[in-house]
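See structure below.
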Amino acid sequence: MNYNIIKPAQRTENISYAVRDIVVVAEQVAKTGKKILYLNIGDPNLYDFAPPREIVEATYNAMLKNNNGYAPSAGIMPAIESIERDVQKKGITNIQEIFVSTGASEAIDICLTALINNGENVLTPTPGYPLYTAISSKLQLIRNPYYLLEENNWMPDIEDIKSRINKKTKGIILINPNNPTGKVYSKELLLQIIDVALENNLVIFADEIYDKLIYDEKQLVSIASLNPDAPVVTFGGLSKNFMVPGFRIGWGVISGNKNLLAPYVEAVNKLLRARLSANHPEQYAIPAALDGNQESVKEAMQKLTKRRNLTVDMLNSIPGITCSKPEGSFYCFPKVEINNSDNHFVTELLKETGVLVVPGTGFGQREGTRHFRIVFLPPEDVLEEAYRKISEFLEIYKDKYDLAVKL
């Protein structure tokens, strides 16, 4: 009997996730006995970070009380009320809906799905988190990137954003602080984006998952706080700020003009009801985290500030590498002056040294530039070892593969 190959849906053809894809190569390298230095994934629990005890206890106590069934589709009321208090501290008002999701990733997926039809588009920051391009591929959206400018400290050009809007554009995505660059956007830029969004009837998707991990006493401005009428969906979660990515607890906050947003809010709720609920007992960790004393965040920032400074200093001392100082998150996006692709550089670096970073192509970048993303969560001794190996390898790489490199 002849059997036909089972063909997958076309929507999966262009889906990739560079952060995980490079791990496949790392696993092969590890089998040779080489020590791997993991600087690729933003999981604090792989290093010397742990959640505050009260978050774990809140979840454990919820389980003991048998809060183990389905939760309400939008989330339990103590969690929703806590999220509301937290975003109000950020100045967000005119809130139309708050919902809890299985990580911020699900909230993003649901909110894009509820708005954008096949063949339409959403302005997407480049470089940016690859989840957005993966969801766009799944929804069969038309790619519409806007570029963050390295020479402008990774700020976009508002005129460039305007030029990319067409009749099929439904929204604009902001990642603030940005992943992978660590850039925190200025109030002036955010106000300009609001003006563009209102003029063109766009929904603003504000990914603020790293909103508490801000350096040098800089203040994060939530774009939704700047105009109560602007249609904004603000995404947040426990995973990064409170070191529990495995809890898979995030949320979305829809704010803006009620009359304009009502049909969209109902569409979001239809999708929320269809998937039943987010993890139930873990939702009790939300008030424990957001209403707590925030000491765990302060302690984490003390570690991260030292590791960020070490990272920027050591990388910028390497000929052929330049690195802007991140203002938030725990990522940096150094530029490497090579003629080969950054995919090739990262793969050879991994094979030769065991240092695992992610190629810049996985996040998007302007044509002709090469970057890689580093996660500086590991302890200083691990980072120092990795950066020394990168420095030594780059010199060998230029001689072996890249003789025409410009330094």
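Just so you know, all these numbers are worked out from the coordinates, no wet-lab data involved. Note that the structure is predicted; figures quoted are calculated from it, not measured. Virtual Cβ from ideal backbone geometry, glycine too; neighbours counted across all protein chains shown.
What is the magnitude of the charge dipole of the chain about its Cα centre, with +1 placed on the Cβ of each Lys and Arg, -1 on the Cβ of each Asp and Glu, and no other charges, expressed in debye to the nearest 20?
Roughly 840 debye, rounded to the nearest 20.
Please sort 88-101, 352-365 by packing, taking for each peptide the average over its residues of neighbouring beta carbons within 10 angstrom, highest first.
Averaged packing, sorted descending, gives the order 352-365, 88-101.
Please name which of Leu202, Met63, Ala107 has its Cα lying farthest along the dipole of region 53-290 towards the positive end, using unit charges on Cβ (Lys, Arg +1; Asp, Glu -1) and the Cα centre as origin.
Selected residue: Met63.
Does anyone have the angle between helix 342-353 and the longest principal axis of the chain? Alpha-carbon axes, 0 to 90°, nearest 10?
60 degrees
Test of understanding: extend the Cα→C-beta vector of Leu46 to 7 Å, then name every residue of region 371-400 with backbone N under 19 Å from that spot.
372-390, by backbone N distance to the label point.
Arranged from highest to lowest average of other beta-carbon atoms within 10 Å per residue, in what order do the peptides 148-156, 64-72 appear?
Packing proxy ranking, top to bottom: 148-156, 64-72.
Quote to one decimal, in nm, the extra length available between Arg53 and Val25 on full extension: 0.36 nm per residue of separation minus the C-alpha distance between them. All intermediate terms of the calculation are to be shown ahead of the outcome.
Details: separation 28, 0.36 × 28 = 10.08 nm, distance 3.57 nm.
Length gained, Arg53 through Val25: 6.5 nm.
Name the lysines eligible as straight-distance cross-link partners of Lys187: C-alpha to C-alpha under 16 Å, and not fewer than 8 places from it in the same chain.
Lys90, Lys218
Given R₀ = 30 Å, what would the calculated FRET efficiency be for Gln192 paired with Thr369, taking r from the Cβ atoms and rounding to 0.05?
0.75
Report, in deg cm²/dmol and to the nearest 500, the calculated mean residue ellipticity at 222 nm for the chain, where each DSSP H run with n ≥ 4 adds -39500 (n - 2.57) and the sum is divided by the residue count.
Mean residue ellipticity at 222 nm (helix-derived): -12000 deg cm²/dmol.
In straight Cα distance, which lysines are under 22 Å from Lys34, not counting same-chain residues fewer than 8 positions off?
Cross-link targets: Lys351, Lys389, Lys400.
Which Cα, out of Leu190, Leu123, Val87, lies furthest along the positive dipole direction of the chain (beta carbon charges, K/R +1, D/E -1)?
Towards the positive end, the residue furthest out is Leu123.
By per-residue mean of other Cβ atoms within 10 Å, what is the highest-first order of 266-279, 285-298, 227-240?
My ranking of the peptides, most packed first, is 227-240, 285-298, 266-279.
Where both partners of a DSSP beta bridge lie in region 53-290, what percent of those bridges are antiparallel, to the nearest 5?
50 percent
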